[in-house]
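Colleague: Just passing along the structure, written as structure tokens.
The values are calculated or read from the model by the stated rules, or taken from the named source; none is laboratory data. On a predicted model such as this, the values are computed, not experimentally measured, just so you know. Here the Cβ is made from the backbone with ideal geometry for all residues, glycine too, and neighbour counts use every protein chain on show.
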Amino acid sequence: MAFPLFLIFLLHTNLASSSSSSSDLRPEFYAKTCPQAQHIVRDVMNKALLREARSVASVMRLQFHDCFVNGCDASVLLDDTPTMLGEKLALSNINSLRSFEVVDEIKDALEEACPGVVSCADIIIMAARDAVVLTGGPDWEVRLGRLDSLSASQNDSNNIMPSPRQNALGLIDLFQSFNLTVKDLVALSGAHSIGQGRCFSIMHRLYNQTGTGTPDPAIDPSYREELDRLCPLDVDQNVTGNLDSTPLAFDNQYFKDLVAARGFLNSDQTLFTFRETREFVRLFSKHQHKFFQAFEEGMLKLGDLQSGRPGEVRKNCRVVNGRAAHMLLESPQKMENNVQSM
Ligand code: HEM
């Protein structure tokens with residue numbers, strides 16, 4: 001029994017050999033090891049956009065759901081295993097996060113060009129930026145050099161990710177706990193300038209906002225009629241609607257819609273109904289360049305969140321490299337059998 005344990009220790013320490021912190025991140029991280037990395041990511045994102053326009057928004061959302069849960073470490077990309085409930089089926093993600101296949105496609109292209117070099121966590125960061133650029137938003141230099149996590153946690157995701165029913169005060173507190181300011185919160189919510197949401201996310205708002213069977217009074221009446229038609233009470237709640245009135249263009253229309261009381265999610269409209277966030281909504285609705293600048297800054301800060309835990313560069317974004325070793329760890333009997341037959 002002592003030998004297998006020793007082997008397990010070796011395998012494990014090999015897997016978890018390094019960790020990174022946000023101060024290690026830098027734009028030129030792959031300049032020598034994979035100079036074409038950023039070009040490859042943008043190329044695949046461009047193809048994804050042409051295939052299905054919404055997919056780039058879906059990929060961009062991954063940065064938020066990855067980085068808030070134990071740092072930007074691609075934990076959100078891990079599939080569940082018999083012993084690990086990952087984040088894909090967490091409350092905010094199930095039937096909702098999508099376009100994982102686009103990340104797989106990027107990873108495959110990068111593995112072909114520079115095997116074992118570019119982390120899945122960095123892919124998310126580059127791809128999120130490219131989603132913005134390809135839909136007409138600003139371009140910026142991203143910092144790179146993240147490692148991929150060795151595990152994921154459904155519980156952590158459930159405990160951290162905000163509900164669309166959340167109000168501005170709750171969102172301010174949540175973002176503050178990540179050192180993100182009120183301005184960051186409002187600017188980053190502008191990510192909803194592209195993409196769609198499900199009826200599931202607004203049923204409460206449309207039919208029972210305060211628990212008395214009435215809708216959210218903050219919705220413009222004609223927009224509410226539109227939403228009622230899209231999402232009647234007996235609707236299949238996976239039906240989707242646009243998050244703003246120009247869902248394929250990254251622009252400040254989202255903020256103009258909020259000023260006009262035409263925000264899709266409660267968590268969007270609340271940014272205009274609450275005094276604490278309203279002036280930023282108004283500012284961004286009037287000056288697109290101010291929104292773009294604040295959005296870039298917010299995305300860089302979001303991308304700097306790191307857990308400091310050990311990590312690796314995964315070969316496949318859906319599984320940790322040492323999966324076989326982990327399975328052995330989980331089943332000492334199987335391990336012994338394997339060693340005996342060596
Ligand atoms: C401020 C708190 C936030 C809340 C409560 C929130 C909530 C949501 C919800 C409920 C949806 C629709 C999901 C569905 O119905 O299936 C959604 C979609 C989306 N979110 Fe957020 N979100 C927030 C912030 C962010 C941030 C910071 C980003 C990115 C930086 C982001 C990017 C997106 C994108 C791009 C979509 C559309 C995805 C698609 O079309 O597949 N969100 N969000």
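Colleague: Considering only the stretch 125-165, how many residues are in a helix (DSSP H, G or I) and more than 15 Å from the chain's Cα centre (by Cα)?
Modeller: Looking only at the stretch 125-165, we keep the residues that are in a helix (DSSP H, G or I), and these are 125-134, 154-160.
Those still in the list that are more than 15 Å from the chain's Cα centre (by Cα) too: 133-134, 155, 159.
Final tally of qualifying residues: 4.
Colleague: Moving on. Could you name every one of the helices (runs of 4 or more DSSP H) located completely within the stretch 1-92 that has at least 2 residues being modelled with pLDDT under 95 and over 23 Å from Arg309 (Cβ atoms)?
Modeller: Details: elements: 2-15, 37-51, 55-67.
Counting at least 2 such residues, we get 2-15.
Colleague: Let me ask something else about it. If you check every pair at least six apart or on different chains, which have Cβ atoms under 8 Å apart with a residue in the stretch 181-192 that is over 16 Å from Asp251 (Cβ atoms) first and a residue that is within 6 Å of the ligand (Cβ to nearest atom) and part of a helix (DSSP H, G or I) second?
Modeller: Leu185/Leu171
Colleague: When both residues are 6+ apart or on different chains and their Cβ atoms are under 8 Å apart, which pairs have a first residue that lies in the stretch 277-292 and is touching a residue at least 40 places away in the same chain (Cβ under 8 Å) and surrounded by 18 or more Cβ atoms within 10 Å (Cβ to Cβ), and a second that is assigned to a loop (DSSP other than H, G, I, E, B) and aromatic (Phe, Trp, Tyr)?
Modeller: As it stands, the answer is none, since no pair meets every condition given.
Colleague: Closer than 27 Å to Gly137 by Cβ and more than 17 Å from the chain's Cα centre (by Cα): does that describe Ile202? Spell out how you get there, then give the answer.
Modeller: On the way: closer than 27 Å to Gly137 by Cβ: yes; more than 17 Å from the chain's Cα centre (by Cα): yes.
Against the criterion (closer than 27 Å to Gly137 by Cβ and more than 17 Å from the chain's Cα centre (by Cα)), Ile202 qualifies.
Colleague: Which of the helices (runs of 4 or more DSSP H) contained wholly in the stretch 215-301 include at least 2 residues that are over 20 Å from the mean Cα position of the chain (by Cα), away from the ligand (no atom under 13 Å from the Cβ) and hydrophobic (A, V, I, L, M, F, W, C)? Let's see the steps before the verdict.
Modeller: On the way: elements: 221-230, 253-259, 266-273, 275-286.
By residue number, 253-259, 275-286.
Colleague: Another question, then. Taking the stretch 166-190 on its own, how many of its residues are assigned to a loop (DSSP other than H, G, I, E, B) and more than 21 Å from Ala57 (Cβ to Cβ)? So that I can check it myself, show each step before the final result.
Modeller: Going residue by residue through the stretch 166-190, those that are assigned to a loop (DSSP other than H, G, I, E, B) are 166-167, 177-181.
Applying the additional criterion that residues be more than 21 Å from Ala57 (Cβ to Cβ) yields 167, 177-179, 181.
Number of matching residues: 5.
Colleague: Go through the stretch 109-129 and count every residue that is away from the ligand (no atom under 13 Å from the Cβ), within 20 Å of Asp73 (Cβ to Cβ) and charged (D, E, K, R).
Modeller: Summing the residues that are away from the ligand (no atom under 13 Å from the Cβ), within 20 Å of Asp73 (Cβ to Cβ) and charged (D, E, K, R) in the stretch 109-129 gives 2.
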